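**Student:** I have a structure here, written as structure tokens, and I will follow up with some questions on it.
The values are calculated or read from the model by the stated rules, or taken from the named source; none is laboratory data. Model, not experiment: these values are computed from the prediction. Reconstructed Cβ throughout: ideal geometry from the backbone, glycine too, with neighbour counts over all protein chains shown.
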Amino acid sequence: MEKFLITGGRSLSGEIAASGSKNAALPLLFLSLMAEKKCKLERVPDLTDIQIALELLQVFGVTHEAKSKNSFCLDPSKIRSEIAPYELASKMRASILILGPLLTRLGHASIPLPGGCAIGARPIDQHLKGLVAMGAKINLENGVIHARAKRLHGVCFDFEMVTVTGTTNLMMASVLAKGTTVLKNISIEPEVIFLSNLLNKMGAQIKVFPNKRKMMIEGVNSLSGFEVDVPPDRVEVGTLMIAGMITKGNIKICRCSPNDLSAVIHSLSLVGAEIESGNDWIQIKSKDVLTSLDVETSPFPGFPTDLQAQFMSLMCIANGKSKITETIFENRFMHVPELNRMGAKIVLSGKNAKILGVSNLNGAPVNATDLRASASLVLAGLAAKGETVIDSVFHLDRGYEALEVGLRSLGAKIERID
């Protein structure tokens, strides 16, 4: 099993370009199930989850041709209804996004219950309730979701909680449904807005009202194909920003979207970052003294849960006390014991993590438990004295494209070992 060996204590400096977003690329790949023509994607991140998604699409008849490791052409002309192998669907949460497109395109779909990181319960009941309200008949047998509908119809559906994948799934399902669908309490994450804009270019009729968390969709009969560049990965950009701060460095991140990171930029500025930005770049320089800050995760435009673990690593070496409140997932503090192993002082109390900053962290052998926890340990290792060995870095490969290569280009001493 591969590991990371990190020798900490080096300030990061230089310039790096952001990769394409996994959270944007996966819905785009599954959107091809609804298209009448070929779909072309550029800047697709080279990740484990992307490869799994391509394998799943192939099961349903969507073939792909790779122009490079970051560029694909998808052909949905021979789409069919099958049951995806459990060993594929169980590996990632996003596999549920096959359900809406396949059901509305073919009238029936069968998908094994999805898997992914063990960061807490991520129920799909909102997906299923929405599809049932639109006229689908759904049965769950032996861990497989079976859904049927001659044609979905428009409905007014109010999400009981803000859900990114739920919004994405029902939006895609509604586009080919009969009549008008109104979705309320939707997610307004940048990836959702990007997808809605692309659907409109394909022939859909979607109006989004972000301030009201509302979406109106008028059903159409068909969608064309698409050509698109995957937008930048704001979680990767946020992780790199924190890497610059935790090492007291100075880095510039290009090909990114600063407007999607307003809450993160604001928080890091209060901690002690000097930040400049343009249309597609961010420059971050850390002050010598870092100030503790309380944060609470919340749906966009709030502080993202996908950067909670990384921010916690930063708070471990900030002056004073801080509190991080996780409101999205109930089991997203599994990195805490590993950070404490490195000399951090963190106490858990329900959905709160209370942190007392220390002067420095110390290198240690640690184990990555999920995707974002992996990133937090990498950041801690970059700042720690001595060597840190991080086990189970396959989690990291699900969401970051060659992160160690990018960090080395900025001056980090990090290598992948077997």
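**Student:** Determine, yes or no, whether Gly61 is out of contact with any strand residue (DSSP E or B) (no Cβ under 7 Å at 6 or more places or on another chain) and not in a helix (DSSP H, G or I). So that I can check it myself, show each step before the final result.
**Tutor:** Numbers: out of contact with any strand residue (DSSP E or B) (no Cβ under 7 Å at 6 or more places or on another chain): yes; not in a helix (DSSP H, G or I): yes.
In short, yes.
**Student:** Which residues, taken from the range 359-368, are more than 8 Å from Met342 (Cβ to Cβ) and crowded, with 22+ Cβ neighbours inside 10 Å? Don't jump to the end; show me each part of the working.
**Tutor:** The initial filter retains those residues of the range 359-368 that are more than 8 Å from Met342 (Cβ to Cβ), namely 359-360, 365, 367-368.
Within the range 359-368, Ala368 is the sole residue that qualifies.
**Student:** Residues being touching a helix residue (DSSP H, G or I) at 6+ places or on another chain (Cβ under 9 Å) and within 17 Å of Ala173 (Cβ to Cβ): count how many of those fall in the range 208-217.
**Tutor:** Within the range 208-217, residues that are touching a helix residue (DSSP H, G or I) at 6+ places or on another chain (Cβ under 9 Å) and within 17 Å of Ala173 (Cβ to Cβ) number 3.
**Student:** Let me ask another. Just to check your reading of the model, which residue among Val393, Val389 is at pLDDT below 95, surrounded by fewer than 24 Cβ atoms within 10 Å (Cβ to Cβ), in contact with a Phe, Trp or Tyr (Cβ under 9 Å, 6 or more places away or on another chain) and not assigned by TED's automatic domain parsing to the domain that holds Met161?
**Tutor:** Val393
**Student:** Among the residues of the range 208-232, what is the count of those that are more than 23 Å from the chain's Cα centre (by Cα) and either assigned to a helix (DSSP H, G or I) or under 21 Å from Glu160 (Cα atoms) (or both)? Break it down into steps so the answer makes sense when it comes.
**Tutor:** Pass one, the range 208-232, residues more than 23 Å from the chain's Cα centre (by Cα): 212, 216-225.
After this cut, where a residue has to be either assigned to a helix (DSSP H, G or I) or under 21 Å from Glu160 (Cα atoms) (or both) as well, the list is 212, 216-217.
So the count comes out to 3.
**Student:** What number of residues within the range 83-97 satisfy the criterion of being over 10 Å from Gln58 (Cα atoms), free of Cβ contacts under 8 Å to residues at least 60 places away in the same chain and in a loop (DSSP other than H, G, I, E, B)? Before the answer, list the steps.
**Tutor:** So in the range 83-97, the residues over 10 Å from Gln58 (Cα atoms) come out as 83, 85-97.
Pick out the ones that are also free of Cβ contacts under 8 Å to residues at least 60 places away in the same chain and you get 85-91, 95.
Those still in the list that are in a loop (DSSP other than H, G, I, E, B) too: 85, 90-91.
Summing the residues that are over 10 Å from Gln58 (Cα atoms), free of Cβ contacts under 8 Å to residues at least 60 places away in the same chain and in a loop (DSSP other than H, G, I, E, B) in the range 83-97 gives 3.
Listed here are the residues, each with its yes/no results for (1) on the phi > 0 side of the Ramachandran plot; (2) at pLDDT 95 or above; (3) surrounded by 14 or more Cβ atoms within 10 Å (Cβ to Cβ).
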{"site": "Lys67", "(1), (2), (3)": "no, no, no"}
{"site": "Asp75", "(1), (2), (3)": "no, yes, yes"}
{"site": "Ala109", "(1), (2), (3)": "no, no, yes"}
{"site": "Leu113", "(1), (2), (3)": "no, no, yes"}
{"site": "Cys117", "(1), (2), (3)": "no, no, yes"}
{"site": "Pro123", "(1), (2), (3)": "no, no, no"}
{"site": "Gly135", "(1), (2), (3)": "yes, yes, yes"}
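**Student:** Is there a residue being touching a Gly at 6+ places or on another chain (Cβ under 6 Å), of a type in the set (Gly, Ala, Ser) and closer than 23 Å to His395 by Cβ anywhere in the range 336-347?
**Tutor:** no
**Student:** Quick one: in the range 326-343, of everything that is under 19 Å from the mean Cα position of the chain (by Cα) and either among the hydroxyl-bearing types (Ser, Thr, Tyr) or buried (at least 16 other Cβ atoms within 10 Å of the Cβ) (or both), which residue is nearest to Ala373 (Cα to Cα)?
**Tutor:** It comes out as His335.
**Student:** Here is a check on your reading of the model: is Met202 at pLDDT 95 or above, assigned by TED's automatic domain parsing to the domain that holds Lys178, surrounded by 17 or more Cβ atoms within 10 Å (Cβ to Cβ) and more than 23 Å from the chain's Cα centre (by Cα)?
**Tutor:** yes
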